[in-house]
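Structure, as structure tokens:
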Amino acid sequence: MRLSKVKITNFRNFRNLLIDPFPTPAVIVGENGVGKSNLLHALRLVLDPDLSNRWRRLQADDVHDGAPALHTGVEVRIEVELSDFDDDEEAIATLDGAIITEDGQPRVARLTYLFQPKTPMGAVFGAQPSQPLTADDYSWSIYGADDPGVDMRHAKDYIPLSVLPALRDAEGDFARADRSPLVRLLGERPPSVGIVESTLQALKQARNQLAQDPAMRQAVDELADRLAAMTGPQLPLTPSLDFAGREDDLIRSVQLFIDPRSSRGIQHTSTGTANVVYLALLLEQLKVRREASDGEDTLLAVEEPEAHLHPSLQRKVFAHLLHEPNRLLLTTHSPHIAAVTPLSSIVLTSTSGDHTVGSVVPPGMFTAAETADLERYLNVTRAEILFARGVVLVEGAADAYLLPALAEAAGFPLDDHGIVVSSVEGTDFAPYAKLLGPRALRRPHWMLTDGDAADGKHPHQREPGLWRARNLARIAQENVLHQDIDRRIKTITAQDLPDCGSRTGRQRVVKAGTKVGVYVGNHTLEPDIAPLLHQEMDAAYSAFRQRQSNRVAFRDVLAPFEDGTATAQQRDTLVDKIEGIGKGRYAQRLAAHVTVIKDLRARVLELLDRTQGPITHDDLLTIEGPGAVLALLDDLSRTFRNLPLFPSATDIKAADHRFRQQP
């Protein structure tokens, strides 16, 4: 059996959350405060038999802020659907009344937790109650299918959810027999009766022998004398010493050691190791329960399992667990765990306005080869895109170094706003745009790609960057824009490439691509940024070349970019010299010079042939060379801080006023 769909209405962060299909196993990721723990708590309301019923009676702060208030009358609803139990007769019997599929179809059962006013009134019927409602005026139920009359509170005993909280004390639980996962596992796999009897007999003999020791007898006698003196005949006590004398006591006394000589107990290991052992024991216990003839099908949820585990162990442990059949749910902030998570197991939670939404990758969206590529792509560094508020996809390492550096120089640090720049190591943006796009994870994302304008024989060789924008518009499901760009490119590519500047009409297509977050440069990154950063490029090159003749030659190559007269051959020469160092290595050093620029705004105004005035998004797009990079940063700035990249005093004053007006 597996959890296959979740719908949450009006509970905490969730105005109307739908995760369909819900994967198994599932790894729930997202930025802080988005409601990952609240999602688990919502599931507990339906499925956790250990959750006290008093917690199922919600309070005012459990109701979503955008829903009707509790005092006016509101419904909080949590629906879960369960599937894959057609071969389990006990599950079919237990869930009878909750099954929503027709005969002959694979069975699906729906369980619904409903919190509502005890009598139909208030906002339920669009009228206000005569008196404000309190939590005492509400009741909760768990019912099956779509019939509130079918009580299914008993189902949580057969399909329970067990939650291992983030702030767990594994070592403390091992020390307590009533909480120890070892004791629970041994309770599921008890020793044979013969072994228990012979062990207890041996313990009895050892007890008798120990009881004859004079020191032991003296200790017991002295304790008896003291108790008699303290209590007198009112509280007759006769103390004695003994070992475990029953089977339950025997199992509860078993301890777990972490070395073959049984000399180091679990309390002598690290907290991280204790957590790994704890989780392994729980999973073994749940496996035994499922395999039993009358077993339960427990779903185990673990909050922040990365606690106290170093990165390589996180990857090893969860690469194993997430690639084997189990009923495991994880919430995590760890890119190391996200990096080994199957694409089909990712549940991405994110904010949309005043509520949280959940996204998964639909089955069949990617081929097996594409899935393998994407899972390989989401390594530890790039897995950050699952936790970011915004993602910028770029072609290579050089862009990934320089874009944050330019933003820093403009006073707009990307890290401050949760924006991640990630290289796709090439120009094939399509699978990554699909992954982040409206049909899958639905993350805000932008793309920066080289224009690579040339004079090839085929139209696709003449403006490759624009063709990429065309294809990405289709992936973004902007079909009208896709067709418009397609029509315009055919006109543009009929022209020869001028020695300086761009083909007529190209800027209009570049601007159209920005509507879907695609920013296309003119040529390649280094020639494009040279008009803006020639001073820093010179300094970075000099750091790698000690001979004065090499430095002078590089300055000569840069000179035409300062006045906008660089030809195609000069662009190629500039790239060749940088590739002699390595584009990524050079950009790494260049970024250090760029971050400390103090006059970036003045330089941009100079490129616009102005000395003052506001700098608009359209202004930036008109700049030959660095325009696409600057306009992209401007778009990000307007999106995440509601200010242009180069704000005027009026912009800043208006933003400050908006901030003060916020509740």
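The values are calculated or read from the model by the stated rules, or taken from the named source; none is laboratory data. Just so it is clear, the structure is predicted and the values come from calculations on it, not from any experiment. Cβ atoms come from the backbone with ideal geometry, glycine included; neighbour counts cover every protein chain shown.
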> strands (runs of 3 or more DSSP E) wholly in the range 94-163 with at least 1 residues that are among the aromatic types (Phe, Trp, Tyr) and at pLDDT 85 or above - which ones?
Replying inline: 108-117, 138-144
>> Of all residues being polar (S, T, N, Q) and touching a residue at least 24 places away in the same chain (Cβ under 8 Å) in the range 354-394, which is surrounded by the most Cβ atoms within 10 Å (Cβ to Cβ)? Just the residue, please.
In response: 356
>> Considering only the range 61-73, I want to know if a residue exists there that is closer than 18 Å to residue 301 by Cα and not hydrophobic (A, V, I, L, M, F, W, C).
In response: no
> Can we say residue 185 is in the same structural domain as residue 271 (by TED's automatic domain parsing) and either in contact (Cβ under 8 Å) with a residue 12 or more places away in the chain or within 30 Å of residue 37 (Cβ to Cβ) (or both)?
Replying inline: yes
> For the range 30-85, how many residues are among the small types (Gly, Ala, Ser), outside any strand (DSSP E or B) and in contact with a Pro (Cβ under 7 Å, 6 or more places away or on another chain)?
Replying inline: 1
> Within the range 41-57, restricting attention to residues that are hydrophobic (A, V, I, L, M, F, W, C) and buried (at least 20 other Cβ atoms within 10 Å of the Cβ), which residue is nearest to residue 160 (Cα to Cα)?
Replying inline: 47
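Residue-by-condition table, conditions (1) assigned by TED's automatic domain parsing to the domain that holds residue 567; (2) part of a helix (DSSP H, G or I); (3) among the hydrophobic types (A, V, I, L, M, F, W, C):
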site: 497; (1), (2), (3): yes, no, yes
site: 503; (1), (2), (3): yes, no, no
site: 507; (1), (2), (3): yes, yes, no
site: 510; (1), (2), (3): yes, yes, yes
site: 523; (1), (2), (3): yes, no, no
site: 527; (1), (2), (3): yes, yes, no
site: 530; (1), (2), (3): yes, yes, yes
site: 534; (1), (2), (3): yes, yes, no
> With respect to residue 30, is the statement that it is at pLDDT below 95, in contact with a Leu (Cβ under 7 Å, 6 or more places away or on another chain) and at positive phi true?
Replying inline: yes
> So which residues in the range 432-464 are within 16 Å of residue 491 (Cβ to Cβ) and in a helix (DSSP H, G or I)?
Replying inline: 459, 460, 462
>> Of all residues being among the basic types (Lys, Arg) and within 17 Å of residue 506 (Cβ to Cβ) in the range 467-492, which is modelled with the lowest pLDDT? Just the residue, please.
In response: 490
> Is there any pair linking a residue in the range 395-420 that is in the same structural domain as residue 646 (by TED's automatic domain parsing) and at pLDDT 95 or above to one that is basic (Lys, Arg) and surrounded by fewer than 24 Cβ atoms within 10 Å (Cβ to Cβ), with Cβ under 6 Å and at least six apart or on different chains, and which?
Replying inline: 398/583
> In the range 454-490, how many are out of contact with any helix residue (DSSP H, G or I) (no Cβ under 7 Å at 6 or more places or on another chain) and closer than 29 Å to residue 563 by Cα?
Replying inline: 4
> Of the residues in the range 71-100, how many are surrounded by 15 or more Cβ atoms within 10 Å (Cβ to Cβ) and under 23 Å from residue 18 (Cβ atoms)?
Replying inline: 15
>> The conditions are (1) of a type outside the set (D, E, K, R); (2) more than 18 Å from residue 390 (Cβ to Cβ); (3) part of a helix (DSSP H, G or I), and residue 403 fails exactly one of them. Which is it?
In response: (2)
>> On the basis of being buried (at least 20 other Cβ atoms within 10 Å of the Cβ) and either touching a His at 6+ places or on another chain (Cβ under 7 Å) or in the same structural domain as residue 340 (by TED's automatic domain parsing) (or both), does residue 351 make the cut?
In response: no
> Considering only the range 609-650, how many residues are acidic (Asp, Glu) and under 34 Å from the mean Cα position of the chain (by Cα)?
Replying inline: 2
>> Are there strands (runs of 3 or more DSSP E) fully within the range 325-382 with at least 1 residues that are modelled with pLDDT of 90 or more and touching a Cys at 6+ places or on another chain (Cβ under 8 Å)? List them.
In response: none
>> With of a type in the set (Val, Ile, Thr), surrounded by fewer than 20 Cβ atoms within 10 Å (Cβ to Cβ) and out of contact with any Asp or Glu (no Cβ under 6 Å at 6 or more places or on another chain) as the only criterion, which of 480, 518 stands out?
In response: 480
